[in-house]
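The values are calculated or read from the model by the stated rules, or taken from the named source; none is laboratory data. Note that the coordinates shown come from a computational prediction; the quantities given were computed from them, not determined experimentally. Glycine also receives a Cβ, built like all others from the backbone with ideal geometry; neighbour counts cover every protein chain displayed. These accessible areas exclude ligands, DNA and RNA; they are computed on the full protein's heavy atoms, side chains included. Shrake-Rupley method; radii C 1.70, N 1.55, O 1.52, S 1.80 Å.
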Amino acid sequence: MLLIALGIAAGVVGLSFLTGIRVFKEYERGILFRLGKAQKLPIGPGVKFLMPFGIDRVQTVDTRTKVIQIPTQDVITRDNISIGVDAVVYADVASPSDAVLRVEQYLPATLQLAATMLRSVVGRMDLDDILAKRTEINDEIRLALDARTEQWGVEITAVEIKDISLPQEMKRAMARQAEAE
């Protein structure tokens, strides 16, 4: 009877330790929380053993480049023309620990900040400058955004304005002006 109980206990303990085995992919890093306290270094790729029974918890971070679509933002330019601007942001997780510990959700936070920066930068310019200086606008937004997201462990690698939509009456006026010239 005692031997059966010991066998069952050993089986339960063995199975519980097997549940602590985790495999991390090459592009994943795990932030280990042992009894709620974050460990200093992220867990790298490969087979890792975690303490069972809720002693170790891991939050996994994907370190591949993220493509963040900024939906169309309605912007009023410095010369009071209402336009729609949408863009795309490319971001890398430089520090998985900071991405987990310093901001609640780094992707939505980066999206909100990028949309705000896009409206701010484009709103300070005239329409002619916006249409002519896309590269400069992209660089200005990227630098400002990267400076703010650096504390979250997120590195902005590129910002690209995809489309600038003008009101129909503005398009007609520009076409008439081009014909006149």
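When only alpha carbons are used to place a centre, region 23-69 and region 106-181 end up 35 Å from one another.
Nearest 10 degrees, 0 to 90: what angle lies between the long axis of helix 134-149 and the longest principal axis of the chain (Cα atoms)? Approximately 30 degrees, to the nearest 10.
Dimensions of region 4-66 based on its C-alpha atoms, expressed as ranges along the principal axes with the largest first, amount to 53, 23, 15 Å. By the equivalent-ellipsoid construction on the alpha carbon gyration tensor, region 79-172 comes out with semi-axes of 30, 12, 10 Å, ordered largest to smallest.
What would the Debye equation give as log₁₀ I(q)/I(0) for region 27-107 at q = 0.20, 0.23 Å⁻¹, counting only Cα atoms as equal point scatterers? Cα-only, vacuum Debye calculation for region 27-107: -0.91, -1.08. Taking the C-alpha atoms only, the angle from helix 168-180 to the longest principal axis of the chain is near 50 degrees. Between the helical axis of 2-18 and the longest alpha-carbon principal axis of the chain there is an angle of about 20 degrees.
Assuming charge only on the beta carbon of Lys and Arg (+1) and of Asp and Glu (-1), the dipole of the chain about its Cα centre is about 1040 debye to the nearest 20.
Once the Cα-Cα distance is subtracted from the 0.36 nm per residue extended length, the Asn80 to Gln105 segment shows a gain of 5.5 nm. According to the Kirkwood relation over distinct C-alpha pairs, the hydrodynamic radius of the chain is 19.9 Å. Both radii were evaluated on the Cα set of region 95-134; the Rg over Rh quotient, with Rh as the Kirkwood radius, amounts to 1.23.
Think of a 1.4 Å ball rolled over the protein heavy atoms: the chain then has 62 Å² of accessible area per residue.
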